[in-house]
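Engineer: The structure under discussion is supplied below as structure tokens; questions concerning it will follow.
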Amino acid sequence: MTPGTIACKLEGSNTPFLMRIFLDTADTEVIRKYFSTGLVDGVTTNPSLILKSGRNPEDVYQEIVDIGVTDISMEVMGDDLDMYDEGIRLYEKFGSVCTVKVPCTREGLIVCKRLSEQGIKVNVTLIFCAAQAVLAAKAGATYVSPFVGRLDDQSVAGLEVVRSISELYRIHGIRTQVLSASIRNVQRAIRSWYNGAQICTMPPKVLDQMYDHILTDKGMEIFENDWKSVSHD
Ligand code: E4P
């Protein structure tokens, strides 16, 4: 760790407790490729992403565990009893890498409270306003996932929701972390962190775009050409 960075490192996390990056995909080959960069701190999945993978959810989770990812959001469905039982089963099978993902509904928050009281990490998903984030924090959520892109689609400023949740949590000393989701471009990721989110979960293509700048490409072209003309004798 370079001098000056906060020495607080989450157990099992690749990076210090700062601006963490999660991949929002259930494509294990893609996860394997990006995880090898050392810059990915976790993975979020949901039923639509699992469907897209064309695979059994638990095979996908197991492969992500085998890759070495230490924080994997696994979504549970059904009524509160179904979600609770499934959450317990997933936690027993996968251990502390399992973050149970529940929707921000009455049933989902009942499950969140019961699981979090047992020390199981819970990601409350489908958050669209600060009021929901207050309830999720009171239910003991480890993470809340405001959906920035889906809010933007409705002409509501998703980043403003991220900002108000982060500010509320800061004012009241809440430990629940803001996991900005439904991120469609680099600007939304950067502004999410700027607005107080601890984590952004993003599709692999957005992570790819974070590397890119036209001036880096141009600069490399010049350096490479000049380097060829340098005498190396
Ligand atoms: C978050 O956990 C969700 O899986 C995801 O970010 C939703 O993104 P979308 O709105 O692009 O489907």
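Computed from the coordinates by the stated procedures, all read-outs in this text should not be read as laboratory data. Note that the coordinates shown come from a computational prediction; the quantities given were computed from them, not determined experimentally. Here the Cβ positions follow ideal geometry from the backbone for every residue, glycine too, while neighbour counts run over all protein chains shown.
Engineer: With each pseudo-label sitting 7 Å past Cα toward Cβ, what's the Glu107-Ser231 distance in nm, one decimal?
Structural biologist: The two pseudo-label positions are separated by 7.8 nm.
Engineer: Sequence gap at least 6, Cα distance under 8 Å: using those rules, report the relative contact order of the chain to the nearest whole percent. Present the calculation step by step, with values, prior to reporting the outcome.
Structural biologist: Numbers: 398 pairs, mean separation 34.8, N = 233.
Result for the chain is 15 percent.
Engineer: Can I ask one more? Dividing the convex hull volume of the alpha carbon atoms of the stretch 49-180 by its residue count, what do you get in Å³ per residue? Provide the component values of the computation, followed by the final result.
Structural biologist: Details: hull volume 14.9 nm³, N = 132.
About 113 Å³ per residue, rounded to a whole number.
Engineer: Where a ≥ b ≥ c are the square roots of the eigenvalues of the C-alpha gyration tensor, would you call the stretch 27-70 rounded, which needs a/c under 1.5, or, failing that, prolate if a/b is larger than b/c, or oblate? All intermediate terms of the calculation are to be shown ahead of the outcome.
Structural biologist: Numbers: a/c = 2.01, a/b = 1.78, b/c = 1.13.
Prolate, because a/c is 1.5 or more and a/b exceeds b/c.
Engineer: Tell me, how many Å apart are the Cα centres for the stretch 117-138 and for the stretch 62-77?
Structural biologist: Answer, in whole Å: 19.
Engineer: Would you compute, for the Cα atoms of the chain, the largest minus smallest coordinate along each principal axis and list the three values in descending order, in whole Å?
Structural biologist: Result for the chain: principal-axis Cα extents of 73, 39, 38 Å.
Engineer: Restricted to Cα positions, what overall size does the stretch 44-113 have along the principal axes? Three whole-Å values, descending.
Structural biologist: So the extents along the principal axes, rounded to whole Å, are 34, 25, 15.
Engineer: Still on this structure, I have one more. Between Cys129, Cys98, Cys200, find the one with the highest GNM mean-square fluctuation for the chain; connect C-alpha pairs within less than 10 Å.
Structural biologist: It is Cys129.
Engineer: Leaving out same-chain residues fewer than 8 places away, which aspartates and glutamates sit with a Cα under 17 Å from that of Lys218?
Structural biologist: Asp226
Engineer: Same structure, new question: Based solely on its DSSP helices, what 222 nm [θ] is calculated for the chain when runs of n ≥ 4 H residues each add -39,500 (n - 2.57) and the sum is averaged over all residues, nearest 500 deg cm²/dmol?
Structural biologist: Details: 11 runs with 116 residues, N = 233.
Counting only the DSSP helices, I get -15000 deg cm²/dmol.
Engineer: What is the Cα radius of gyration of the stretch 107-233 over 2.2 N^0.38 Å, N being its residue count? Display every interim value, and only then the final one.
Structural biologist: Values: Rg = 20.1 Å, N = 127, 2.2 N^0.38 = 13.9 Å.
In units of the globular-protein estimate, the stretch 107-233 measures up at 1.45.
Engineer: Treat the count of other C-beta atoms within 10 Å as a stand-in for reagent exposure and order Asp82, Asp233 from fewest to most.
Structural biologist: Values: Asp82 13, Asp233 3.
The fewest-first ordering by Cβ neighbours comes to Asp233, Asp82.
Engineer: Counting only DSSP beta bridges with both residues in the chain, what percent are antiparallel, rounded to the nearest 5? Mind showing how you got there, number by number?
Structural biologist: Values: 1 of 26 bridges.
Close to 5 percent.
Engineer: To continue, here is another question. Kirkwood hydrodynamic radius, the stretch 94-148, all distinct C-alpha pairs: what's the number in Å? Walk me through the numbers on the way to the answer.
Structural biologist: On the way: mean 1/r = 0.0931 Å⁻¹.
It is 10.7 Å.
Engineer: Any idea what the relative contact order of the stretch 123-168 is, in percent, if you count C-alpha pairs under 8 Å spaced at least 6 apart? Mind dumping the intermediate values first?
Structural biologist: Details: 50 pairs, mean separation 18.1, N = 46.
Over the stretch 123-168, the number comes to 39 percent.
Engineer: Can you work out D for the stretch 178-233 in µm² s⁻¹ from Stokes-Einstein, where Rh is the Kirkwood radius over C-alpha pairs, the temperature is 4 °C and the viscosity is 1.567 mPa s? If you can, show how the numbers build up before the last one.
Structural biologist: Values: Rh = 13.5 Å.
Using the Kirkwood radius from Cα pairs, D works out to 96 µm²/s.
Engineer: Show which aspartates and glutamates lie in cross-link reach of Lys52 when reach means a straight Cα distance below 17 angstrom and same-chain residues fewer than eight apart are skipped.
Structural biologist: Asp24, Asp27, Glu29, Glu63, Glu75
Engineer: If you don't mind, there's one more thing I want to ask. Sort Arg32, Arg170 so the one with the fewest other Cβ atoms within 10 Å of its own Cβ comes first.
Structural biologist: Values: Arg32 15, Arg170 11.
Placing the least packed residue first, the sequence is Arg170, Arg32.
Engineer: Taking amide hydrogens as modeled 1.01 Å from N in the peptide plane, which residues meet the under 5 Å criterion relative to Met202, leaving out close sequence neighbours?
Structural biologist: It is Phe22, Leu23, Asp24, by chain and number.
Engineer: Order these by the 10 Å Cβ neighbour count, fewest first: His172, His232. Walk me through the intermediate numbers first.
Structural biologist: Values: His172 9, His232 5.
Exposure proxy ranking, most exposed first: His232, His172.
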